[in-house]
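First comes the structure, then the notes that go with it.
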């Protein structure tokens with residue numbers, strides 16, 4: 001059995017056990033930020049009230065350069081009103097479409113800030129692009145925990161497994177907690193398809209393989225998505241689906257689509273896509289664990305925009 005098969009077998013066993021025993025299933029609340037089409041999650045163990053916050057959002061007004069905490073405060077209110085104890089602040093990857101609120105939430109609620117180990121590759125690439133200098137550490141030390149593929153963790157008494165799913169970026173991770181998988185920017189709702197793969201370090205072939213890896217989990221595994229863009233013809237935003245729904249209906253990667261067909265489609269589609277509106281501030285901050293660049297001698301932090309470099 002390969003290492004990959006071993007990780008999936010372990011995750012599948014966990015999911016089946018949780019489907020059979022409701023005490024092993026997490027409670028999940030989603031918080032949708034329409035400005036960035038991002039879904040953040042609070043995932044908690046009903047028995048212990050220990051919780052993980054996944055992919056939080058810091059509000060950012062690009063025109064003025066001002067940040068605010070409305071989205072994060074909604075999460076704090078939910079955590080407080082349900083008497084939850086936050087033990088993890090998890091990022092599925094270094095997002096290019098929103099700034100993480102993890103440092104703000106950590107200050108207010110505690111918990112360890114975590115991401116996949118391959119963040120060091122993203123830090124290296126974007127550290128050079130933004131000319132971050134020698135003061136910017138490229139070793140993931142801005143995070144409290146760097147997850148390896150297949151690493152096991154706990155949310156209270158619930159089992160969690162980290163799964164490396166590169167393609168959108170080299171560092172993307174999915175997190176299986178109980179019977180639920182939080183898949184970040186790999187797939188979207190079946191009627192919308194899959195994530196782009198044209199960012200530095202992205203790879204459409206890797207993305208296909210990562211998605212098929214996730215879709216080998218049990219059919220009824222609940223999949224929670226990081227984004228929804230409301231496909232044409234659909235009236236409501238949605239961010240929960242299942243493995244079987246994706247395998248039967250995903251417009252880009254359902255059963256029967258070959259790897260070569262997917263790579264051709266994804267490559268051609270990505271050529272038509274504009275860069276995300278907030279990519280420059282988002283990546284610059286998120287590779288620092290959601291922290292703004294250090295203030296300059298006037299006490300102000302600055303976001304760089306490389307000219308003619310991307």
Sole residue being surrounded by 22 or more Cβ atoms within 10 Å (Cβ to Cβ), within 20 Å of residue 56 (Cα to Cα) and out of contact with any helix residue (DSSP H, G or I) (no Cβ under 6 Å at 6 or more places or on another chain), chosen from 153, 147: 147
Criterion violated by residue 7 - all others in (1) farther than 30 Å from residue 138 by Cβ; (2) touching a residue at least 60 places away in the same chain (Cβ under 8 Å) satisfied: (1)
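Could you list all residues from the stretch 109-151 that are part of a strand (DSSP E or B) and out of contact with any strand residue (DSSP E or B) (no Cβ under 6 Å at 6 or more places or on another chain)?
Matches in the stretch 109-151: 115, 146.
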Residue selected from the stretch 121-143 under the condition surrounded by 19 or more Cβ atoms within 10 Å (Cβ to Cβ) and closer than 16 Å to residue 172 by Cβ, by the criterion farthest from the chain's Cα centre (by Cα): 126
Helices (runs of 4 or more DSSP H) wholly inside the stretch 208-310 containing at least 2 residues that are free of Cβ contacts under 8 Å to residues at least 40 places away in the same chain and out of contact with any strand residue (DSSP E or B) (no Cβ under 7 Å at 6 or more places or on another chain): 243-249, 259-270
Residues of the stretch 157-167 classified as crowded, with 19+ Cβ neighbours inside 10 Å and assigned to a loop (DSSP other than H, G, I, E, B), total: 3
Residues satisfying the stated conditions in the stretch 102-116, i.e. buried (at least 19 other Cβ atoms within 10 Å of the Cβ) and without any contact (Cβ under 8 Å) to a residue 40 or more places away in the chain: 106, 114
Members of the stretch 256-278 that are surrounded by 13 or more Cβ atoms within 10 Å (Cβ to Cβ) and either in contact with a helix residue (DSSP H, G or I) (Cβ under 9 Å, 6 or more places away or on another chain) or modelled with pLDDT of 95 or more (or both): 257, 259, 261, 262, 263, 265, 266, 267, 269, 270, 276
Pick from the stretch 168-209, criterion under 16 Å from residue 279 (Cα atoms) and out of contact with any helix residue (DSSP H, G or I) (no Cβ under 8 Å at 6 or more places or on another chain), ranking: surrounded by the fewest Cβ atoms within 10 Å (Cβ to Cβ): 202
Answer residue from the stretch 146-166, given it is closer than 22 Å to residue 286 by Cα and in contact (Cβ under 8 Å) with a residue 40 or more places away in the chain and is farthest from the chain's Cα centre (by Cα) among those: 149
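The values are calculated or read from the model by the stated rules, or taken from the named source; none is laboratory data. Source: prediction; values computed, not measured. Cβ atoms come from the backbone with ideal geometry, glycine included; neighbour counts cover every protein chain shown.
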